[in-house]
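Visitor: What follows is a single structure, and I will ask about it in a moment.
The values are calculated or read from the model by the stated rules, or taken from the named source; none is laboratory data. Quick caveat, the model's predicted, so the values are computed rather than measured. As a convention, Cβ positions derive from the backbone with ideal geometry for all residues, glycine included, and neighbour counts pool all protein chains shown. Side chains included, ligands, DNA and RNA excluded: accessible areas come from the protein's heavy atoms. Shrake-Rupley method; radii C 1.70, N 1.55, O 1.52, S 1.80 Å.
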Amino acid sequence: MTLRISGTTKLCCIFGDPVEQTLSPQMHNAAFKALSLDMLYVPFHVTPDDLPTAINAIKAMGISGVNITIPHKQSVMALIDEVDEQARLIGSVNTIVNRDGLLTGYNTDGQGYLKSLTGETGFDPHDNSVVILGAGGTARSIAYNLLKATASRVLIANRTIEKAEALRNDLRSIFPEAHIDASGLNIAPELSQADLLINTTSLGMMGKGGAHPPVDISTLPPAAIVSDIVFKPLYTPLLIEAEAKGHKIHTGLGMLVCQGALGFELWTGREAPVEIMHKAAVDALEDD
Ligand SMILES: NC(=O)c1ccc[n+]([C@@H]2O[C@H](COP(=O)([O-])OP(=O)(O)OC[C@H]3O[C@@H](n4cnc5c(N)ncnc54)[C@H](OP(=O)(O)O)[C@@H]3O)[C@@H](O)[C@H]2O)c1
């Protein structure tokens, strides 16, 4: 790809620690090129200590838009000018838009996740029971969107149970009628009631050794779907086991594309070329 960078080129980027796993540069640069936009997307490795400085640099350097990834999605909220209502309720931000020096945070993760899940598997959360492994920034967004889509029960199961309880309490205050629980990772009895199991922990990620979350999925009903939001590798140890046991599986690639497409639309005001973004992400995974 020939890059045409000039004095007018607008910059978008991603801040994360680690950030090596990201496929967003390939996806967004392919989309900018497809729509002939004078824009460029680059990754920045930003540690927690450097996050305040990096956020100030968005204004100082006139950066148009930023994606926020692991582990900054919650801590970034205190550093920007305003947070959109939905992201405030979720308690996590994955996309920042710089409008003439005013930094506004959004969260497109849960919406993108649900769009991908429904599109690829036909799963409708309404009246269904979901178990979410993990209670981090992305779990917040996914749980919020599942409950908004009237899931009958959501169980947050996390290594650090206090974090699962904190998320449960936040969600109960938004959805007082909903059935929301919290637990540690010892959840074999609860899994027997689940229609959908989602891994939102970073276990399974290549850089973290590609581990299987410490849960026994043998009690899952055969019709339950198993979903993993980790996208590198696409087929995590959890998904490989679930598929071998006959479950329908859902990889993290669709979420990556759908959340990115929503961010692209916030930055550019243009409809995202979703198929081009999807192809760029697949190509990038294959090149790895
Ligand atoms: N497909 C996509 O588009 C997409 C979008 C966003 C994120 N992701 C992926 O989702 C993952 C989570 O991202 P995040 O931003 O939500 O991260 P985060 O806020 O840092 O949360 C990480 C979660 O993983 C758990 N965890 C980490 N190491 C663990 C271990 N050794 N054993 C058990 N649990 C462990 C943490 O549990 P504790 O609370 O006990 O520490 C926490 O619940 C990352 O792999 C990220 O790449 C994918």
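Visitor: Restricting attention to segment 23-43, which residues are in contact with a Gly (Cβ under 8 Å, 6 or more places away or on another chain) and open to solvent by 20 Å² or more (accessible area, probe 1.4 Å)?
Guide: 43
Visitor: Checking residue 69 against (1) open to solvent by less than 20 Å² (accessible area, probe 1.4 Å); (2) within 25 Å of residue 278 (Cβ to Cβ); (3) not acidic (Asp, Glu): exactly one of these is not met. Which one?
Guide: It is condition (1) that residue 69 fails.
Visitor: Across segment 97-121, what is the total count of residues that are more than 19 Å from residue 70 (Cα to Cα) and away from the ligand (no atom under 16 Å from the Cβ)? Walk me through it before giving the result.
Guide: Taking segment 97-121 as the starting set, the residues that turn out to be more than 19 Å from residue 70 (Cα to Cα) are 98-103, 114-121.
Then keep just the ones that are away from the ligand (no atom under 16 Å from the Cβ); that gives 98-103.
Number of matching residues: 6.
Visitor: Right, next: Pairs needed: first member in segment 44-67, under 15 Å from residue 98 (Cβ atoms); second member anywhere, exposed (fewer than 14 other Cβ atoms within 10 Å of the Cβ); C-beta distance under 6 Å; at least 6 residues apart or different chains.
Guide: Every condition considered, the pairs that remain are 59/101.
Visitor: Report yes if some residue within segment 91-99 is out of contact with any His (no Cβ under 8 Å at 6 or more places or on another chain) and modelled with pLDDT under 95; otherwise report no. Even if it seems obvious, please write down each step before you answer.
Guide: Our first condition is that a residue be out of contact with any His (no Cβ under 8 Å at 6 or more places or on another chain); within segment 91-99, this holds for 91-99.
Cutting the leftovers down to modelled with pLDDT under 95 gives us 91-92.
Checked segment 91-99: at least one residue is out of contact with any His (no Cβ under 8 Å at 6 or more places or on another chain) and modelled with pLDDT under 95.
Visitor: Let me spell it out: the conditions are (1) within 22 Å of residue 70 (Cβ to Cβ); (2) surrounded by fewer than 16 Cβ atoms within 10 Å (Cβ to Cβ), and residue 230 meets all of them except one. Which number is the exception?
Guide: So residue 230 meets the others, but not (2).
Visitor: Which residue is modelled with the lowest pLDDT, if the candidates are limited to segment 72-86 and must be in contact with a strand residue (DSSP E or B) (Cβ under 7 Å, 6 or more places away or on another chain) and over 17 Å from residue 166 (Cβ atoms)? I'd like the intermediate steps shown before the answer.
Guide: Keep residues of segment 72-86 that are in contact with a strand residue (DSSP E or B) (Cβ under 7 Å, 6 or more places away or on another chain), which gives 72, 76-77, 80-84.
This time we only want the ones that are over 17 Å from residue 166 (Cβ atoms), so: 72, 76, 80-84.
Working: 72: 94, 76: 97, 80: 98, 81: 98, 82: 98, 83: 98, 84: 97.
The extreme case among them is 72.
Visitor: Taking residue 138 as the residue in question, decide whether it is among the β-branched types (Val, Ile, Thr), assigned by TED's automatic domain parsing to the domain that holds residue 178 and either modelled with pLDDT of 95 or more or under 17 Å from residue 12 (Cα atoms) (or both).
Guide: Numbers: among the β-branched types (Val, Ile, Thr): yes; assigned by TED's automatic domain parsing to the domain that holds residue 178: yes; either modelled with pLDDT of 95 or more or under 17 Å from residue 12 (Cα atoms) (or both): no.
So residue 138 fails the test.
Visitor: Looking only at segment 151-185, how many residues end up being in a loop (DSSP other than H, G, I, E, B), touching a residue at least 12 places away in the same chain (Cβ under 8 Å) and out of contact with any helix residue (DSSP H, G or I) (no Cβ under 8 Å at 6 or more places or on another chain)? Lay out the reasoning, then the answer.
Guide: Filtering segment 151-185 for residues in a loop (DSSP other than H, G, I, E, B) gives 152, 158-160, 175-178, 184-185.
If we keep only those that are touching a residue at least 12 places away in the same chain (Cβ under 8 Å) too, we end up with 152, 158-160, 175, 178, 184-185.
The next check asks that each one be out of contact with any helix residue (DSSP H, G or I) (no Cβ under 8 Å at 6 or more places or on another chain); those that pass are 152, 159-160, 185.
Matching residues across segment 151-185 total 4.
Visitor: Please find, within segment 243-288, the residue that is most open to solvent (accessible area, probe 1.4 Å) out of those that are touching an Asp or Glu at 6+ places or on another chain (Cβ under 7 Å) and of a type in the set (A, V, I, L, M). If you could, list the steps in order and put the result at the bottom.
Guide: From segment 243-288, those touching an Asp or Glu at 6+ places or on another chain (Cβ under 7 Å) are 249-252, 254, 259, 265, 271-272; that's our starting set.
Of the ones still in play, those that are also of a type in the set (A, V, I, L, M) are 249, 272.
Numbers: 249: 33, 272: 9 Å².
The selected residue is 249.
Visitor: Please go through segment 231-259 and give me each residue that is more than 13 Å from the ligand (Cβ to nearest atom) and assigned to a loop (DSSP other than H, G, I, E, B), ordered by number.
Guide: Those that are more than 13 Å from the ligand (Cβ to nearest atom) and assigned to a loop (DSSP other than H, G, I, E, B): 235, 245, 246, 247.
Visitor: Which ones in segment 73-105 are hydroxyl-bearing (Ser, Thr, Tyr) and either under 18 Å from residue 267 (Cα atoms) or buried (at least 19 other Cβ atoms within 10 Å of the Cβ) (or both)?
Guide: Across segment 73-105, the qualifying residues are 92, 95, 104.
Visitor: Condition first: charged (D, E, K, R), within 24 Å of residue 127 (Cα to Cα) and loosely packed, with under 14 Cβ neighbours inside 10 Å. Now tell me which residues in segment 172-215 satisfy that.
Guide: Here is the first cut: in segment 172-215, the residues charged (D, E, K, R) are 172, 177, 181, 190, 195, 208.
Next cut, within 24 Å of residue 127 (Cα to Cα) only: 172, 177, 181, 190, 195.
Answer for segment 172-215, where residues must be charged (D, E, K, R), within 24 Å of residue 127 (Cα to Cα) and loosely packed, with under 14 Cβ neighbours inside 10 Å: just 177.
Visitor: Got a number for residues in segment 187-201 being under 23 Å from residue 147 (Cβ atoms) and either within 16 Å of the ligand (Cβ to nearest atom) or assigned to a helix (DSSP H, G or I) (or both)?
Guide: In the first step, residues of segment 187-201 are kept if they are under 23 Å from residue 147 (Cβ atoms); the result is 187, 189-201.
Restricting the remaining residues to those that are either within 16 Å of the ligand (Cβ to nearest atom) or assigned to a helix (DSSP H, G or I) (or both) gives 187, 189-191, 196-201.
Matching residues across segment 187-201 total 10.
Visitor: Just to verify a result, which residue in segment 122-157, among those that are over 17 Å from the mean Cα position of the chain (by Cα) and within 15 Å of the ligand (Cβ to nearest atom), is surrounded by the fewest Cβ atoms within 10 Å (Cβ to Cβ)?
Guide: It comes out as 155.
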